[in-house]
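Since every read-out is calculated from the coordinates, none of them should be taken as a lab result. Note that this is a predicted model, so its numbers are computed, not measured. With ideal geometry, Cβ positions are generated from the backbone for all residues, glycine too; neighbour counts draw on all protein chains shown.
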Amino acid sequence: MRALSKSKILSYLQCPKRLWLEVKQPELIENSAATEASFKIGHQVGEIARTLYDPNGNGVLIEPHRVGFEAAFSQTENLLKSSAPIFEAAITTGDALALADVMLPMNQQGTPSWRMIEVKSSTSVKDYHKDDVAVQAHIARSSGVALERIDVACIDNQWIYPGEENYQGLLKETDLTEVAFDRTNEVEDWIKDAHKMIEKGVEPEISTGSHCNEPYPCGFYHHCTRAEPQPQFPVSWLPDIRKRKLKEFISDNGVTDLGEVPDDLLNERQRRVKKHSLSGELFFDKEGAAADLARYELPAYFLDFETINLAVPIWKGRRAYQQVPFQYSLHKLSPNTAVSHESFLDLSGKDPAEPLAEKLIAACGDNGPIFVYNIGFESARIRELAGQFPRIKRPLLAINSRLVDLLVVARERYYHPSQQGSWSIKKVLPAIAPDLHYEDLEGVQDGGSAMAVFPEAIAAETSLIRKSEIEAGLLAYCRLDTIALVRLWSFFTGTPVKID
Ligand code: SF4
């Protein structure tokens, strides 16, 4: 019998079919960029944890993927007789195996015992972490480890980095010993059932649903949906499904298609999505859009930020996951409709916020609307900058007071069936400006990939060629975002604008 890893057992809990596919057809997995990014963050936090739990460097890191699992099990067994911290301790019961992030020796009244710490990159303990520690604890205790206590260490996003590589305080622990130790019978059943599942010769028949993203996005989603009949107009296109009655109607009746939802359960925007998606007809309140924007005189500015939110802060005074803007693109439309552009991008590796704020103040002039798309994001960043830098607080707040949200106009006045219920700029743009394509950009095509490449761009070990590739990709991507805003404004106001 092969030993199932903790992650396989947790996959089984999420969806038995996921486990089956992971074991039988792992080549079908297609992890999203976001999932890959979260793996990277997990590794980064894991590395910091090793320095925090072993400040003197006495600990041993087990590397089963390098030395092989059998060697890792026996290395762990030997180390458990010592009193040094162990990282990635490999433990097996024969039918299940666990790699423990951190094992710290304890000495309870002369009896050697161990504390296990599972390190997570989330900012709070989730319910699925309780399943996770229950499996870890069961495997450790069943294999004879004198486990005294088990904690989950999450990121404390209120902790402020004091600089100089001092990460004491980044992780906050929660003792889950009782929760974990109480569930050993349950875990035994999970392991047995998971083994039965992988004995099946054929792929289990389980439909996709909300479980495909809970607690983790499943990498087999494309595989599973390809095999399922897809509704022509998926009910998931309905924006903002919050009303309990609507949610219940959809789940109680197994509704998959928009056409099956009665109008009286929908709000105005949802009804519009339903009506125009089904009919394939454009909705455009041209006069309304023009009237919404008529009050804003030129010059006008079009602004977009890119930000980074590092799990492990690298700039003194920053919190974990704090959004720090490192780039902006700003188009200016003069009263004669001439367009000019300027941008800011700091890849020096220093905290980019203050120079960005100063350059933004100079670039935005003293008057004129500043159009953004989804005001909450840019506004929050500008208010944060104002809070961080009292010296330039006033001009930053003045910029904030000039922000105008083009998303509000788009939502109220425009819907093209190709938007599929979304007003993200990438969904609205193809209908309004079919000559602009994010897919044509090289390297960076969305905010997630901008965030993902930023750490690489500032890393000392990155080659100059790669750095300039990333720089070009970031500049082109952010510029396209504000070109899109200018084109949107032009379309809504009916004013032709030429952008070089
Ligand atoms: S995509 Fe959904 S149904 Fe398919 S294996 Fe994953 S969780 Fe299960």
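Descriptive notes on the structure:
- Karplus (6.51, -1.76, 1.60) ³J(HN,Hα), θ = phi - 60°, over the stretch 244-257, in Hz, Gly and Pro reported as x: 4, 4, 5, 4, 5, 4, 5, 6, 5, 9, x, 6, 10, 10
- Annotation: peptides 392-400, 195-203, 113-121, ranked by per-residue average of other Cβ atoms within 10 Å with the highest first, follow the order 113-121, 392-400, 195-203.
- Straight-distance crosslink candidates among lysines, where the alpha carbon sits under 21 Å from Lys498 and sequence neighbours closer than 8 are dropped: Lys286, Lys332, Lys426
- Where only C-alpha atoms are counted, convex hull volume of the stretch 77-162 per residue in Å³: 116
- Each part reduced to its alpha carbon centroid, the stretch 3-38 and the stretch 326-359 end up 42 Å apart.
- C-alpha center-to-center spacing [the stretch 243-269, the stretch 70-90] in angstrom: 55
- Over the chain, the pair-distance histogram of Cα-Cα distances with 10 Å bins from zero comes to 3, 15, 22, 23, 20, 12, 5, 1, 0 percent, rounded to whole numbers.
- Extension reserve of the His437-Met1 stretch, reckoned as 0.36 nm per residue once the Cα distance is removed: 151.8 nm
- Relative contact order (%) - the stretch 283-352, alpha-carbon pairs under 8 angstrom, separation at least six: 28
- Taking Cβ atoms as reference points and 15 Å as the exclusive limit, the residues near Ala71 contribute a net charge of -3, counting Lys and Arg as +1 and Asp and Glu as -1.
- Members of Lys40/Lys350; Lys316/Lys467; Lys126/Lys172; Lys350/Lys467 lying beyond 18 Å, as alpha-carbon distances in this model show: Lys40/Lys350; Lys316/Lys467
- Under 12 Å from Lys245, Cα to Cα: aspartates and glutamates that are on another chain or at least 8 residues apart: Asp264
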